[in-house]
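To start, the structure itself, in structure tokens.
The values are calculated or read from the model by the stated rules, or taken from the named source; none is laboratory data. It should be emphasised that the depicted structure is a prediction, and the values quoted were computed from it without experimental measurement. Cβ atoms come from the backbone with ideal geometry, glycine included; neighbour counts cover every protein chain shown.
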Amino acid sequence: MKRILTFFTVIFSLMTLSLFGQGPKVLVVTAHPDDETGFSVTMFKITHEMKGTVDMAVMTDGGGGFADSQLGALYYNLNLTDSIVARTHLPMLRKQEILNAGKIMGVRNIYFMEQPDDWYTTDPKPYISGKNWDIPYVERRMDRLLADRDYDFVITMLPHAGQHGHHKTSVLMALRAIQRFKGPHKPIVIAGSPMNATSKPMEFSMLEGYPETKIKADAPTFTLNRAFRFKENDKVSYKIVADWVISEYKSQGAIQENGIHKTDMEVYRYYDLNDPKGISKVQKLFDDLAKIGFAAPVK
């Protein structure tokens with residue numbers, strides 16, 4: 001009898017684990033280590049509170065992020081403001097930083113596409129044309145990821161005109177991979193951007209010259225409130241999670257100075273290339289995110 005009870009206890013435990021492991025499967029596509037900080041609380045809540053899965057695809061090797069690395073140079077005891085030293089050491093340093101950040105957010109896998117992080121420009125043409133990046137290689141890897149991982153959602157940055165050319169190209173690589181995808185379960189792709197409570201949402205309809213970036217005009221925007229306060233006397237908010245993530249990027253001075261504890265909301269938009277029926281699925285995702293964890297109503 002004891003063996004029978006033990007057997008059913010094991011079965012029940014496995015069923016319970018299965019039940020709580022049915023959260024959404026998400027791929028976040030960015031250009032550099034630290035770009036994901038704009039989505040960090042959404043990622044954290046999906047993995048920790050919804051028991052979902054989050055992977056990342058990072059396009060560049062991160063070797064170009066040395067313009068504001070003065071304090072990082074002291075921390076790592078390397079002259080990271082020197083371009084030769086930085087390009088030698090930053091790719092490995094920033095990989096370790098994003099691995100540390102990913103652990104906080106509960107990221108399962110990070111897929112590094114290893115494209116050169118060469119210089120700052122807002123022009124995506126040198127990259128998307130294949131001149132500076134190995135686009136066929138990235139396409140093959142993105143196609144394999146979508147085919148093998150069965151994602152429900154893909155999150156990109158918002159590719160507005162002022163964005164880095166690497167950011168814009170990472171968005172295009174994600175959108176074009178979804179356009180090529182022929183499987184039965186096509187993921188829904190949304191564009192995310194951080195916002196302060198005192199700001200107005202950025203007006204954006206499409207990146208000029210790239211119709212795949214068009215946002216569906218009649219779709220709502222979806223918002224996650226990082227600044228929601230909880231615990232005794234409302235002392236704590238989810239902005240602390242974003243601070244944990246940002247603090248891992250010791251090599252990146254500007255994100256530490258300008259990002260720490262300042263973003264109140266994560267705002268997401270619905271790309272026009274999606275099936276309109278997917279809007280309700282995205283709405284449910286963000287409704288659920290607003291109701292779970294410490295944001296859950298007190299009964």
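Taken together, the residues in segment 237-290 that are of a type in the set (D, E, K, R) and either touching a Pro at 6+ places or on another chain (Cβ under 7 Å) or under 25 Å from F204 (Cα atoms) (or both) amount to 10.
Of the listed requirements (1) over 19 Å from the mean Cα position of the chain (by Cα); (2) surrounded by fewer than 18 Cβ atoms within 10 Å (Cβ to Cβ); (3) under 27 Å from F66 (Cα atoms), S251 misses just one: (2).
I'd like to check something: does segment 37-45 contain any residue that is part of a helix (DSSP H, G or I), in contact (Cβ under 8 Å) with a residue 40 or more places away in the chain, out of contact with any Gly (no Cβ under 9 Å at 6 or more places or on another chain) and of a type outside the set (D, E)? Yes, some residue in segment 37-45 is part of a helix (DSSP H, G or I), in contact (Cβ under 8 Å) with a residue 40 or more places away in the chain, out of contact with any Gly (no Cβ under 9 Å at 6 or more places or on another chain) and of a type outside the set (D, E). The condition of being out of contact with any helix residue (DSSP H, G or I) (no Cβ under 7 Å at 6 or more places or on another chain), surrounded by fewer than 18 Cβ atoms within 10 Å (Cβ to Cβ) and not polar (S, T, N, Q) holds for only one of D143, D150, that being D150. The requirement of being in a helix (DSSP H, G or I), on the phi < 0 side of the Ramachandran plot, surrounded by 14 or more Cβ atoms within 10 Å (Cβ to Cβ) and at pLDDT below 95 is satisfied by Q256. Where helices (runs of 4 or more DSSP H) sit wholly within segment 53-163, those with at least 2 residues that are of a type outside the set (K, R) and free of Cβ contacts under 8 Å to residues at least 12 places away in the same chain occupy 70-76, 83-105, 135-149.
Checking every residue in segment 210-224 against the condition of being farther than 23 Å from P33 by Cβ, under 16 Å from the mean Cα position of the chain (by Cα) and not small (G, A, S) gives at least one match. Listed conditions (1) touching a strand residue (DSSP E or B) at 6+ places or on another chain (Cβ under 7 Å); (2) surrounded by 15 or more Cβ atoms within 10 Å (Cβ to Cβ) are all met by H48, apart from (1). Of all residues in segment 174-189, those that are under 25 Å from K125 (Cβ atoms) and touching a Phe, Trp or Tyr at 6+ places or on another chain (Cβ under 9 Å) total 3. In segment 227-242, the qualifying residues are those that are modelled with pLDDT of 95 or more and among the β-branched types (V, I, T), and the one that is farthest from V41 (Cα to Cα) is I240. Among the residues of segment 280-299, the ones that are in contact (Cβ under 8 Å) with a residue 24 or more places away in the chain, surrounded by fewer than 18 Cβ atoms within 10 Å (Cβ to Cβ) and either in a helix (DSSP H, G or I) or within 16 Å of the chain's Cα centre (by Cα) (or both) come to 7 in all.
Could you tell me whether G23 is within 29 Å of D143 (Cβ to Cβ), of a type outside the set (D, E, K, R) and in a loop (DSSP other than H, G, I, E, B)? Yes. Can you find a residue in segment 260-273 that is closer than 20 Å to V41 by Cβ and assigned to a helix (DSSP H, G or I)? Scanning segment 260-273, I find no residue that is closer than 20 Å to V41 by Cβ and assigned to a helix (DSSP H, G or I), so the answer is no. Could you tell me whether any residue of segment 276-291 is closer than 29 Å to L99 by Cα and touching a helix residue (DSSP H, G or I) at 6+ places or on another chain (Cβ under 7 Å)? Yes, segment 276-291 contains a residue that is closer than 29 Å to L99 by Cα and touching a helix residue (DSSP H, G or I) at 6+ places or on another chain (Cβ under 7 Å).
Per-residue answers, yes or no, for (1) part of a loop (DSSP other than H, G, I, E, B); (2) at pLDDT below 95:
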position: V189; (1), (2): no, no
position: G192; (1), (2): no, no
position: T198; (1), (2): yes, yes
position: P201; (1), (2): yes, yes
position: M206; (1), (2): yes, no
position: A217; (1), (2): yes, no
position: L224; (1), (2): no, no
position: V245; (1), (2): no, no
position: Y249; (1), (2): yes, no
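In segment 118-138, the residue that is surrounded by the most Cβ atoms within 10 Å (Cβ to Cβ) out of those that are of a type in the set (D, E) and out of contact with any helix residue (DSSP H, G or I) (no Cβ under 7 Å at 6 or more places or on another chain) is D118. Quick one: is A242 surrounded by fewer than 16 Cβ atoms within 10 Å (Cβ to Cβ) and either of a type in the set (G, A, S) or farther than 23 Å from T198 by Cα (or both)? It is false that A242 is surrounded by fewer than 16 Cβ atoms within 10 Å (Cβ to Cβ) and either of a type in the set (G, A, S) or farther than 23 Å from T198 by Cα (or both).
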